[in-house]
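Down below is the structure, laid out as structure tokens.
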Amino acid sequence: MTRTKASIRLRYAGTVALFLLPSAIPLALFTLVPMAGSLWTSLHEWNLITPMRWVGLDNYVELLGEERTRAAFGHTLYFIAGYLPLVYAGGFGLALLLNRAMRGRNVLRAIYFLPVVSSWVVVALMWKWLLNPASGIVNQLLALVGLDGPGWWTDPDWAMPSIILASAWKDLGFVMVILLAGLQAIPQEYRDAAKVDGATGFKSFRHITFPLLSPATFFVVVISLINGFQVFDQVHVMTGGGPAGASQVVVEQVYDLTFRYGRAGAASALSWLLFVVILLVTLVQIRAQRRWVNYG
Amino acid sequence: MGKVLRAIPVLLGALVMLFPFAWTVVTSLTPDGALLSIPPDFAPGDASLDAYRRLLEAMPFWRIVLNSAWIAVASTVLQLLTSSMAAYAFARLPFPGRNALFAVYLATLMVPMQVLVVPLFLEMRAVNLVDTYFALLAPTIASAFGVFLLRQAIAQVPREFDEAAVLDGAGHLRVFAFVIVPLIRPALATFAIFGFIASWNSYLWPLVIIRSPEFMTIPLGLASLHGEFTTEWNVVMAGSVVSVVPILVLYLFAQKHVIASVAQSGLK
Amino acid sequence: MNRTTKAAAALLTAVLAAACAQGSATRETAAEDGKVTLRYFTFSAAPDHVADLDSIVAAFEQQNPRIDVVVETAPFADYFTKLQTSIAGNTAPDTFELNYENFVTYADAGSLLDLDTAATGDDDYQPGVYAAESLKSFNHGGKQLALPASFSTVVLFYNKALFDAAGLPAPTADWTWADEQAAAAKLTDKKKGVYGDFQPVQFFEFYKTLKQAGGEFLSADGKKTTFDSPAGVKAATWLVDKVGSVMPTEAEIGGTADYDTNLFKSGKLAMWHNGIWQFAGMADAPFDWDVVVEPGDQTKASAVFHNAVAASATTKHPAEAWAWSRFLTSSQIMATTRIKNSWELPPVSDQSVLAGYLDAATKPANRQAVFDSLKSIALPPVIARQQEMQDTMTEELSNAAAGRKSVQQALTDAAAKIDGLLG
């Protein structure tokens, strides 16, 4: 009896391993090992071309005392606070609208997906042109309604809002597609049943659609936060962190430290500070999901 | 009436989304001289394919496209397989330490690539794999993003579906392959697109790990059009158009496939 | 196994096999029978001069059939990212290009081969073929760690048609800032979108105008900044005051790619401070334009951008690396190729070679100005934390240009920050 139990358990462990190893091995080799490498680097002074020099926790101490570190985290939080609500509300709205029967629906979905597949270099060039303070179309439209448009990304106060706007525009389609996939997986019987019970419109949305979509929503929020904290591409190509450092986010700082300033150790330390922040935020979300995410 | 009201914002939004792409196409068709005025003024009569011709001359373009395509396809296929299997384990196979392991998976998403590039390069160097297709592919064999996305999709599948199969005596591999995979096709198709895009647009890692021109990918090729002091924007835009089209085709194909599969599975 | 799993497994095997096969295939080509493969990494060839470089390589390989030169390129913006990583991973290219500003960092790090040692046994080598000043620029701690490969200078481009239309005399080599300023003010016509002048507000323009105003960026011992001075204020004010008066503001430029190039080429910019690398692109501009040495203030001073070729300290083929570096920087074919294609200028001492540059049939007519500008040059200050210094200077100057700080305040802040980098 115990023997068979043990062998059943062994077989089960084998099954679990079979399912996990194909992803666990490459992740360990090609992500965890480099992560350990960067942790090691963070304890050194290193400009990549001369040998590393051990400095212990100096990089961390130095970073924590620097005004620039606080500013970089501040700009990153600013980005998230603007970007996340915009992209989620917009993407959700689109997914709901484009999930209904409608002529040309597939074409419309593809159009909304265009920015997602375009490269940031192109998108940034274009937004810089649209938001050109002098002759950009946005300020021209604002002038039509009697508003004096701001300096957008050339003005330190408006640089981050410009980046947020461009990012939300680009990622709307991403959120839409994930939520659409979630919506399509909701069995029609559920909604029919709700209809029979007299739940329509907002009620059906609140009691049927939203709860059934909560795993997809949870995914979007967690991933958007993880990616938001690591915002880089759009900043790098739109403003390079400027003007006057007004949009210098954490990863832009990491990039500059590693590849432009020859301070790979400090860059690694900064990444690990960022890691701790993201980890805490994500753990809080995983904790909180029990209250609102509905698993089948 | 309601339908029309609903269509208006969607259509307006679509215009906003389309505009930049149209602008990219127009720029790519603009002859050198007409790019000069600010903002560029462009008469349709002046359209020229010069930029595309120059793009073909500037680099072994088809070789580069082929490289990008095969790397992207390989990494997408590998990720679909490895991620969906792990996702199944995390959603359906309880084992001690499952949540902790899942947290480790998620943690791999939390350190920026910008800081992993150097240690990963040193690791590839240690095993003598610098400048190979395998090294290009290595960081994209598995994807924690994919595991997470697909775990959420599997979690959405009512348990009755696979429990019924288990009662029929099916093992987990069979349940996974014949019950779960067909049910999460929309999510798989979605992830396939994202995996493909990520590989297709990936820049920093290929830049660092590749040195032979024969391994060059599209983003590297496009970047080579930026000189120290000047850039030929119409050629860059032509390159962008060419690089977006395959993904768009893939998306349209995947979208069709998703809808077909949902209809087939009798869920709708 | 069912069909889906089988198919997936087959695909997976195929993918992995292909990946590994490709990997080993490339590895083998490197070691052909007795032939030495020499890697050369460059930022200045792509995208416009790849063919020119190829012709130089071909000529070299013909003379040295035993050496196979493999060219690798990267865009300037990413070049040093890649170079640093490869040095860190001990896979540095045998030979590579360096600009003057970065040379010191690599020399200090011990990444560069001592070329004097590598040259022993090469009886043909004569240091005299290089312009002496050029050669000296890449001598570090008494060792020749790189060979000068090319240089380019910054001159004043002007649109002759605009000057003629306004009835103004064209700029001459005797011009001072005051002359430039007066002409710029008269030529600016914002209603027509015409600007009188364009000079970027950034580090490279500042260190040069500082010298023109009679100031110095660093103290003689290089331990302190000295630009927070009346000359510094004068130079920074000269740059900053143009913005919005005779030159478009940052907001007006609005991040348009190559805005100034396009503005000049479309005939809407009267004077333009830019490098001779723009000659080729401007050759077919539909109006008459020319160049002169930049106007000075207390003195004349022109910026020079200097590139060199160095060999890696870890190269396994020092003799071959030397042969190629020497050929690439001093051979006749290199000189003529560069001159014929306006690919910067060769750093050779032989004036008759350079004379060909003056005979070119394309604009500008006054090519002599390029050589005249070399008579008094301003070399950029170079420190260990170069990029941070450049970024800081540019950032503070743009604060002043945007009116967020007074010029004096911006310089004081920049000096304090840069002093911190020197420490």
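The values are calculated or read from the model by the stated rules, or taken from the named source; none is laboratory data. Predicted model, so just to flag it, every value in this text is computed and none were measured. A quick note on method: Cβ atoms are made from the backbone with ideal geometry, for glycine too, and the neighbour counts reach across all protein chains shown.
Which members of the range C:216-238 meet the condition of being touching a Pro at 6+ places or on another chain (Cβ under 8 Å) and closer than 20 Å to C:VAL154 by Cα?
Once the filter is applied, which keeps residues that are touching a Pro at 6+ places or on another chain (Cβ under 8 Å) and closer than 20 Å to C:VAL154 by Cα, the range C:216-238 yields only C:PHE217.
Taking the options A:VAL231, A:VAL235, name whichever one is crowded, with 18+ Cβ neighbours inside 10 Å, at pLDDT 90 or above, of a type in the set (A, V, I, L, M) and outside any helix (DSSP H, G or I). Quick ask: steps written out before the conclusion?
Working: A:VAL235 fails: outside any helix (DSSP H, G or I).
Going through A:VAL231, A:VAL235 in turn, the sole match is A:VAL231.
If I filter the range A:85-107 down to residues being of a type in the set (A, V, I, L, M) and crowded, with 19+ Cβ neighbours inside 10 Å, which single residue comes out as farthest from A:VAL175 (Cα to Cα)?
First pass over the range A:85-107, keeping only residues of a type in the set (A, V, I, L, M): A:86-87, A:89, A:94-98, A:101-102, A:107.
Cutting the leftovers down to crowded, with 19+ Cβ neighbours inside 10 Å gives us A:87, A:94-95, A:98.
Working: A:VAL87: 7, A:LEU94: 9, A:ALA95: 8, A:LEU98: 13 Å.
Result: A:LEU98.
Would the range C:254-266 turn up any residue that is under 24 Å from C:PHE151 (Cα atoms), in a loop (DSSP other than H, G, I, E, B) and not assigned by TED's automatic domain parsing to the domain that holds C:GLU133?
Yes, the range C:254-266 has at least one match.
Just checking: which of the helices (runs of 4 or more DSSP H) contained wholly in the range A:1-111 hold 2 or more residues that are under 30 Å from B:ARG174 (Cα atoms) and out of contact with any Phe, Trp or Tyr (no Cβ under 8 Å at 6 or more places or on another chain)? I'd like the intermediate steps shown before the answer.
On the way: elements: A:2-27, A:33-41, A:58-65, A:67-99.
Because the criterion is at least 2 residues that are under 30 Å from B:ARG174 (Cα atoms) and out of contact with any Phe, Trp or Tyr (no Cβ under 8 Å at 6 or more places or on another chain), the helices (runs of 4 or more DSSP H) in the range A:1-111 that meet it are A:2-27.
Just give me the residues in the range C:51-69 being among the aliphatic types (A, V, I, L, M) and either outside the structural domain of C:HIS317 (by TED's automatic domain parsing) or over 22 Å from the mean Cα position of the chain (by Cα) (or both), in sequence order. Walk me through it before giving the result.
Our first condition is that a residue be among the aliphatic types (A, V, I, L, M); within the range C:51-69, this holds for C:51, C:53, C:56-59, C:67, C:69.
Of everything in the range C:51-69, those that are among the aliphatic types (A, V, I, L, M) and either outside the structural domain of C:HIS317 (by TED's automatic domain parsing) or over 22 Å from the mean Cα position of the chain (by Cα) (or both) turn out to be C:ALA58, C:ALA59, C:ILE67, C:VAL69.
When both residues are 6+ apart or on different chains and their Cβ atoms are under 9 Å apart, which pairs have a first residue that lies in the range C:405-419 and is buried (at least 22 other Cβ atoms within 10 Å of the Cβ), and a second that is among the β-branched types (Val, Ile, Thr) and in a helix (DSSP H, G or I)?
These pairs meet every condition: C:VAL407/C:VAL233; C:VAL407/C:THR237; C:VAL407/C:VAL240; C:ALA410/C:VAL240; C:LEU411/C:VAL233; C:ALA414/C:THR392; C:ILE418/C:THR392.
Restricting to the range C:315-334, name every residue that is touching a Ser or Thr at 6+ places or on another chain (Cβ under 8 Å) and assigned to a loop (DSSP other than H, G, I, E, B).
The answer is C:THR315, and nothing else.
Among residues belonging to the range A:174-225 that are assigned to a loop (DSSP other than H, G, I, E, B) and of a type in the set (Gly, Ala, Ser), point out the one that is surrounded by the most Cβ atoms within 10 Å (Cβ to Cβ).
Taking the range A:174-225 as the starting set, the residues that turn out to be assigned to a loop (DSSP other than H, G, I, E, B) are A:185-187, A:197-200.
Going one step further and asking which of them are of a type in the set (Gly, Ala, Ser), we end up with A:185, A:198-199.
On the way: A:ALA185: 22, A:GLY198: 8, A:ALA199: 16.
Checking each candidate, the answer is A:ALA185.
If the requirement is being at pLDDT below 95, charged (D, E, K, R) and touching a helix residue (DSSP H, G or I) at 6+ places or on another chain (Cβ under 6 Å), which of these qualifies: C:ASP288, C:ASP284? Explain how you work it out, then say what you get.
On the way: C:ASP284 fails: touching a helix residue (DSSP H, G or I) at 6+ places or on another chain (Cβ under 6 Å).
Of C:ASP288, C:ASP284, the one residue that is at pLDDT below 95, charged (D, E, K, R) and touching a helix residue (DSSP H, G or I) at 6+ places or on another chain (Cβ under 6 Å) is C:ASP288.
Test each condition in (1) in a helix (DSSP H, G or I); (2) of a type outside the set (Ser, Thr, Tyr); (3) in contact with a Phe, Trp or Tyr (Cβ under 8 Å, 6 or more places away or on another chain) for A:VAL276 and report the one that comes out false.
The failed condition is (3).
So for the range A:264-284 (the condition being free of Cβ contacts under 8 Å to residues at least 12 places away in the same chain, facing chain B (nearest Cβ under 8 Å) and either over 21 Å from B:TRP205 (Cα atoms) or of a type outside the set (Phe, Trp, Tyr) (or both)), does at least one residue qualify? Steps first, please.
The first filter runs over the range A:264-284 and keeps only residues free of Cβ contacts under 8 Å to residues at least 12 places away in the same chain, leaving A:275-276, A:279-280, A:283-284.
Narrowing further to those that are facing chain B (nearest Cβ under 8 Å): A:275, A:279, A:283.
If we keep only those that are either over 21 Å from B:TRP205 (Cα atoms) or of a type outside the set (Phe, Trp, Tyr) (or both) as well, we get A:279, A:283.
Checked the range A:264-284: at least one residue is free of Cβ contacts under 8 Å to residues at least 12 places away in the same chain, facing chain B (nearest Cβ under 8 Å) and either over 21 Å from B:TRP205 (Cα atoms) or of a type outside the set (Phe, Trp, Tyr) (or both).
Sort out which residues of the range C:335-357 are over 10 Å from C:SER150 (Cα atoms) and in a helix (DSSP H, G or I), and write them in order of number. Can you show your working first?
Filtering the range C:335-357 down to residues over 10 Å from C:SER150 (Cα atoms) leaves C:336-337, C:339-342, C:349-357.
Answer for the range C:335-357, where residues must be over 10 Å from C:SER150 (Cα atoms) and in a helix (DSSP H, G or I): C:THR336, C:THR337, C:ILE339, C:LYS340, C:GLN351, C:SER352, C:VAL353, C:LEU354, C:ALA355, C:GLY356, C:TYR357.
Would you point out which residue out of A:ASP197, A:ASP192, A:ASP233 is in the same structural domain as A:GLY93 (by TED's automatic domain parsing), in contact (Cβ under 8 Å) with a residue 60 or more places away in the chain and not hydrophobic (A, V, I, L, M, F, W, C)? So that I can check it myself, show each step before the final result.
Working: A:ASP197 fails: in contact (Cβ under 8 Å) with a residue 60 or more places away in the chain; A:ASP192 fails: in contact (Cβ under 8 Å) with a residue 60 or more places away in the chain.
Result of the check over A:ASP197, A:ASP192, A:ASP233: A:ASP233.
Among the numbered criteria (1) within 23 Å of B:PHE215 (Cβ to Cβ); (2) among the aliphatic types (A, V, I, L, M); (3) facing chain A (nearest Cβ under 8 Å), which one does B:LEU173 miss?
Here B:LEU173 clears every test but (1).
Condition first: of a type outside the set (D, E, K, R) and part of a loop (DSSP other than H, G, I, E, B). Now tell me which residues in the range B:115-140 satisfy that. Even if it seems obvious, please write down each step before you answer.
Within the range B:115-140, the subset of a type outside the set (D, E, K, R) is B:115-122, B:124, B:126-130, B:132-140.
Across the range B:115-140, the qualifying residues are B:VAL127, B:ASN128, B:LEU129, B:VAL130, B:THR132.
Select from the range C:241-262 the residues that are within 14 Å of chain A (Cβ to nearest Cβ) and under 24 Å from C:ALA178 (Cβ atoms) and write down the one among them that is modelled with the lowest pLDDT.
Initially, the range C:241-262 is screened for residues within 14 Å of chain A (Cβ to nearest Cβ), giving C:243-244, C:247-259, C:262.
After this cut, where a residue has to be under 24 Å from C:ALA178 (Cβ atoms) as well, the list is C:243-244, C:247-249.
On the way: C:VAL243: 92, C:GLY244: 89, C:MET247: 94, C:PRO248: 90, C:THR249: 85.
Ranking the qualifying residues of the range C:241-262, first place goes to C:THR249.
Go through (1) under 21 Å from the mean Cα position of the chain (by Cα); (2) loosely packed, with under 15 Cβ neighbours inside 10 Å for A:THR69 and report which single condition fails.
Condition (2) is where A:THR69 drops out.
Scan the range B:47-59 residue by residue and report those that are within 12 Å of another protein chain (Cβ to nearest Cβ), touching a residue at least 24 places away in the same chain (Cβ under 8 Å) and either part of a helix (DSSP H, G or I) or under 19 Å from B:THR132 (Cα atoms) (or both). First the steps, then the outcome.
So in the range B:47-59, the residues within 12 Å of another protein chain (Cβ to nearest Cβ) come out as B:54-55, B:57-59.
In the following step, the residues that additionally are touching a residue at least 24 places away in the same chain (Cβ under 8 Å) were identified as B:54-55, B:58-59.
Of everything in the range B:47-59, those that are within 12 Å of another protein chain (Cβ to nearest Cβ), touching a residue at least 24 places away in the same chain (Cβ under 8 Å) and either part of a helix (DSSP H, G or I) or under 19 Å from B:THR132 (Cα atoms) (or both) turn out to be B:ARG54, B:LEU55, B:ALA58.
Check C:ALA170 against each of (1) more than 30 Å from C:GLU101 (Cβ to Cβ); (2) outside any loop (DSSP other than H, G, I, E, B); (3) in contact (Cβ under 8 Å) with a residue 40 or more places away in the chain and name the one condition it does not meet.
Of (1) more than 30 Å from C:GLU101 (Cβ to Cβ); (2) outside any loop (DSSP other than H, G, I, E, B); (3) in contact (Cβ under 8 Å) with a residue 40 or more places away in the chain, only one is false for C:ALA170: (2).
Take the residues in the range B:70-114 that are at the interface with chain A (Cβ under 7 Å from one of its Cβ atoms), part of a helix (DSSP H, G or I) and among the hydrophobic types (A, V, I, L, M, F, W, C); name whichever of them is farthest from the chain's Cα centre (by Cα).
That would be B:ALA89.
Go through the range C:333-357 and give me each residue that's in contact (Cβ under 8 Å) with a residue 12 or more places away in the chain and farther than 21 Å from C:PHE138 by Cβ.
If the condition is that a residue be in contact (Cβ under 8 Å) with a residue 12 or more places away in the chain and farther than 21 Å from C:PHE138 by Cβ, then C:ILE333, C:THR336, C:THR337, C:ILE339, C:LYS340, C:ASN341, C:SER342, C:GLY356, C:TYR357 are the ones that fit.
What are the residue pairs meeting all of these: first residue in the range C:67-78, first residue facing chain B (nearest Cβ under 7 Å) and farther than 17 Å from C:HIS49 by Cβ, second residue modelled with pLDDT of 90 or more and outside any strand (DSSP E or B), Cβ atoms under 7 Å, and 6 or more apart or on different chains?
C:ASP78/B:LEU207
Is it fair to say B:GLY195 is away from chain A (no Cβ under 11 Å) and at positive phi?
Against the criterion (away from chain A (no Cβ under 11 Å) and at positive phi), B:GLY195 does not qualify.
Scan the range A:161-187 for residues that are away from chain B (no Cβ under 12 Å) and within 16 Å of the chain's Cα centre (by Cα) and jot them down. Talk me through it step by step, then tell me what you get.
Narrowing the range A:161-187 to residues away from chain B (no Cβ under 12 Å): A:161-164, A:167.
Answer for the range A:161-187, where residues must be away from chain B (no Cβ under 12 Å) and within 16 Å of the chain's Cα centre (by Cα): A:ILE163, A:ILE164, A:SER167.
Suppose the filter is free of Cβ contacts under 8 Å to residues at least 12 places away in the same chain, farther than 30 Å from B:ALA177 by Cα and out of contact with any helix residue (DSSP H, G or I) (no Cβ under 7 Å at 6 or more places or on another chain); does A:LEU57 pass it? Walk me through how you get there before you give the answer.
Values: free of Cβ contacts under 8 Å to residues at least 12 places away in the same chain: no; farther than 30 Å from B:ALA177 by Cα: yes; out of contact with any helix residue (DSSP H, G or I) (no Cβ under 7 Å at 6 or more places or on another chain): yes.
When the stated conditions are applied, A:LEU57 does not pass them.
Looking at C:THR117, is it hydroxyl-bearing (Ser, Thr, Tyr), in a helix (DSSP H, G or I) and modelled with pLDDT of 90 or more?
Considered against the rule, which asks whether it is hydroxyl-bearing (Ser, Thr, Tyr), in a helix (DSSP H, G or I) and modelled with pLDDT of 90 or more, C:THR117 comes out as no.
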